[in-house]
Structures are given as structure tokens and as C-alpha cells.
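Below you'll find the structure, written out as C-alpha cells, and then a few comments.
Where a number appears in this text, it was derived from the coordinates with a stated rule and is not lab data. If you're wondering where the values come from, they're calculated on a predicted model, not measured in any experiment. Cβ placement follows ideal geometry from the backbone for every residue including glycine, while neighbour counts extend to all protein chains displayed.
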Number of protein chains: 2
Amino acid sequence: MTHTPIRESGCELCDLAAPMTVYADSKLSVIIVDDANYPGFCRVIWRDHVREMSDLAREDRLLLNEAVFAVEQAVREVMAPAKVNLASLGNVVPHLHWHVIPRYTDDAHFPAPVWAAAVRQTEATLLEARRALLPQLADAIARRMNQG
Amino acid sequence: MTHTPIRESGCELCDLAAPMTVYADSKLSVIIVDDANYPGFCRVIWRDHVREMSDLAREDRLLLNEAVFAVEQAVREVMAPAKVNLASLGNVVPHLHWHVIPRYTDDAHFPAPVWAAAVRQTEATLLEARRALLPQLADAIARRMNQG
């Protein structure tokens with residue numbers, strides 16, 4: 001069955017180009033966000049322009065939950081963070097997406113959320129070492145998503 | 001089968017008293033947080049002291065996802081927010097819990113996350129009107145959780 005994606009003109013997630021996309025299917029995609037302070041920050045983006053988890057059919061909601069879970073597992077496996085943060089906010093871009101963020105005690109905001117005021121600058125060598133793991137993270141995400 | 005809860009001394013979610021608890025079973029509880037700026041802010045708290053979603057058995061993870069979903073539905077139904085925010089952070093209190101937050105365009109941080117710097121003070125009459133919905137929200141959560 002062909003699915004015609006729901007699109008909203010001007011929504012930056014509908015229009016997203018895909019240079020860092022590590023997984024994509026007809027329902028969702030997974031990107032590694034190019035965030036200088038947060039190597040390994042990932043987003044799971046639902047393809048259709050819907051606002052909330054409760055706007056999804058049950059089957060789709062379970063699928064999206066499982067994708068976020070697969071990305072969390074890959075992030076833990078490869079990035080070995082102190083904590084994983086998961087969030088679906090979407091106040092600015094009300095197009096359903098999840099943030100999966102590896103947190104470290106030396107990161108710019110720890111223990112506050114990444115959206116609070118920064119409290120430190122992480123050492124460049126630490127960020128560089130984490131950034132070097134991204135190809136491995138991309139592989140781990142693709143492997144787990146393709147198992148599903 | 002009796003389940004002996006995993007407890008960590010000094011963890012504020014293990015030790016939580018239950019004045020605003022609107023639902024509780026052997027696995028999880030749902031509380032309405034008494035946040036002056038965010039009437040309707042709820043938390044779903046896993047009973048065992050575990051850190052991450054990926055520390056749960058699959059069955060428990062699905063149960064927790066469904067509970068967060070039920071609370072999101074109740075929040076939408078009763079509080080009619082502009083957007084729902086969902087987050088599992090736990091950097092300060094690494095005891096698995098989810099925030100379910102009704103967001104309004106007039107709230108203290110909109111469209112930024114509630115953890116960013118506040119940008120306004122919501123009118124007292126609006127907060128009061130939302131606070132008046134809390135008994136109804138408690139009922140809606142209990143009803144949806146007991147359906148599950």
C-alpha cells in the first residue's frame with residue numbers, strides 16, 4: 001500500500017535535507033544531530049506532519065516508541081553516557097519528533113536539561129573523542145532499526 | 001507473585017509521600033505536580049529504582065509507555081493545551097520517571113522548554129482557571145489508567 005506523506009509547507013522537519021540521516025523508512029527517520037556540544041545527540045522524526053503521540057494510530061505509536069528505544073540502546077552501547085535524556089517537545093516545530101541525548105557529568109549543562117543555561121564548556125578533547133564514535137553510533141542505530 | 005520494590009536510600013522519588021498521587025499500582029504511580037506555573041504538570045514514576053527505559057524488561061517498558069500515553073490523553077482531554085511535552089531526563093534524580101507537561105502559548109516559557117529561562121509571567125486568572133481543572137484531570141487519569 002502506498003502511503004502519501006502528510007506535509008506542511010514551511011515546517012523545518014518536513015523539509016529536512018538528509019545529510020546525517022542514519023535510518024529512514026516510510027514511517028520515520030533517525031538523524032544524528034550535528035551539535036557541537038552534544039556528539040551523539042539523535043532525533044527520531046515521524047514522517048507525517050502530526051503534533052502529538054496521541055495523534056498516531058496505536059500501531060504507529062508503538063512503532064515510534066520502539067524506534068526511540070532502539071536509538072536509546074545504540075546510544076548507551078556506543079556513547080556510554082552517564083544518563084540518556086528522552087524528550088518529545090515540539091513547541092517551536094509541532095511536528096512529532098523525539099530527542100535522544102547522551103548526557104555526561106562534564107557536559108555543558110549537566111545535571112540540568114540541555115535547554116537550561118549552560119554551566120560549563122566541555123573540554124575539546126572529550127568532545128573530539130565522543131565525535132569520533134559517531135560512525136560507530138550510526139552503524140549501531142542502523143543495525144538495531146533493521147532488526148525491528 | 002509478590003514484588004519487593006527496589007529502593008535506594010536518599011532518592012527523592014523512592015521516598016515520595018503521596019499527597020497528589022492520582023494513580024498507583026505495584027509498578028508505577030502518577031502524580032499531579034504542584035507547580036504554580038504549570039497546573040496539570042504530571043509525572044509518571046516507575047516504582048523500582050532503575051535509571052533508564054532500557055533497564056526495564058520489555059513488558060514493563062511497554063506498560064510504562066502506555067501509562068505515559070494515558071496521561072497524555074487525559075491531559076489533552078481536560079487541560080486542552082497547545083502542545084504536550086513528554087520527557088524522561090533524570091540527571092538529578094536518576095530514578096526512571098516521565099514528565100507530561102501541558103503547554104500553552106501564554107505559559108512562562110513558551111515556546112522554549114520549561115527548563116529554559118522564563119520569558120513571562122502567566123496571568124493569575126488563567127493559572128487559576130487551569131488549576132480549577134485539576135480534580136477533573138485526576139479523575140480522567142484514574143479512569144484511563146484503570147481501563148488499561
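Specify the residue with the greatest mean-square fluctuation among A:L56, A:L64, A:L96, computed from a Gaussian network of chain A linking alpha-carbon atoms under 10 Å apart.
A:L56
Between B:A124 and the same site in the other copies, what are the distances in nm, shortest first, taking label points 7 Å from Cα along the C-beta direction?
Relative to the other copies, B:A124 has label-point distances of 5.3 nm.
Give me the distance between the Cα centres of region A:93-143 and region B:78-148, rounded to whole Å.
25 Å
In terms of modelled amide H atoms, which long-range or inter-chain residues lie less than 5 Å from the amide H of B:K83?
So B:K83 has HN proximity to B:R103.
Going 7 Å from the Cα of A:T105 along its beta-carbon direction, which residues of region B:89-120 have the amide nitrogen within less than 17 Å of the resulting point?
The answer is B:90-95, whose backbone nitrogens lie closer than 17 Å to the label point.
A:V22's amide H: which non-local residues (gap 5+, or another chain) put their own amide H closer than 5 Å, with H modeled 1.01 Å from N in plane and none for Pro or chain starts?
Amide H to amide H, under 5 Å and 5 or more residues apart or across chains, A:V22 pairs with A:V30, A:I31, A:I32.
Sequence gap at least 6, Cα distance under 8 Å: using those rules, report the relative contact order of region B:31-103 to the nearest whole percent.
Relative contact order for region B:31-103 comes out at 40 percent.
Say a label goes 7 Å from Cα toward Cβ at A:A24 in every copy; what distances in nm does this one have to the rest, shortest first?
Spelled out, the distances from A:A24's label point are 4.9 nm.
Going by amide H atoms built from the backbone, whose H comes under 5 Å of the H on B:V50, apart from near neighbours?
Under 5 Å from the amide H of B:V50: B:L96.
If one puts a single equal scatterer on every Cα of region B:82-132 and applies the Debye formula without solvent, what log₁₀ I(q)/I(0) results at q = 0.17 Å⁻¹?
Scattering profile of region B:82-132, log10 relative to I(0): -0.61.
Taking θ = phi - 60°, what integer Hz values does the Karplus form 6.51 cos²θ - 1.76 cosθ + 1.60 yield along region B:137-142, in sequence order, with x for Gly and Pro?
5, 4, 5, 5, 5, 4
State, as an integer percentage, the relative contact order of region B:71-148 based on alpha-carbon contacts under 8 Å between residues 6 or more apart.
Relative CO of region B:71-148 lands at 31 percent.
Put a point 7 Å out from Cα along the line to Cβ at B:Q147; what are the distances to that point in the other copies, in nm, shortest first?
Ordered by distance, the counterparts are at 3.4 nm.
Quote the charge dipole size of region A:1-132 about the Cα centre in Debye, to the nearest 20; the model charges only the Cβ of Lys and Arg (+1) and of Asp and Glu (-1).
With Lys and Arg at +1 and Asp and Glu at -1, about 180 debye.
Taking the Cα-to-Cβ direction at B:A80 and at B:H3 and moving 7 Å from each Cα, how far apart do the two end points lie in nm?
Once both label points are built, they end up 3.7 nm from each other.
Between the DSSP loop rule and a limit of at most 15 other Cβ atoms within 10 Å, which trypsin sites (Lys or Arg not before Pro) in region B:62-148 are left?
Within region B:62-148, the qualifying trypsin sites (Lys or Arg not before Pro) (loop, at most 15 other Cβ atoms within 10 Å) are B:R120.
Using a Förster distance of 25 Å, how high is the FRET efficiency between B:V33 and B:R120, based on the Cβ-Cβ distance and rounded to 0.05?
Efficiency at R0 = 25 Å is approximately 0.80.
How large is the charge dipole for the protein assembly as shown, taken about the Cα centre, if only the Cβ atoms of Lys, Arg (+1) and Asp, Glu (-1) carry charge, to the nearest 20 debye?
Here the protein assembly as shown has a charge dipole of around 200 debye.
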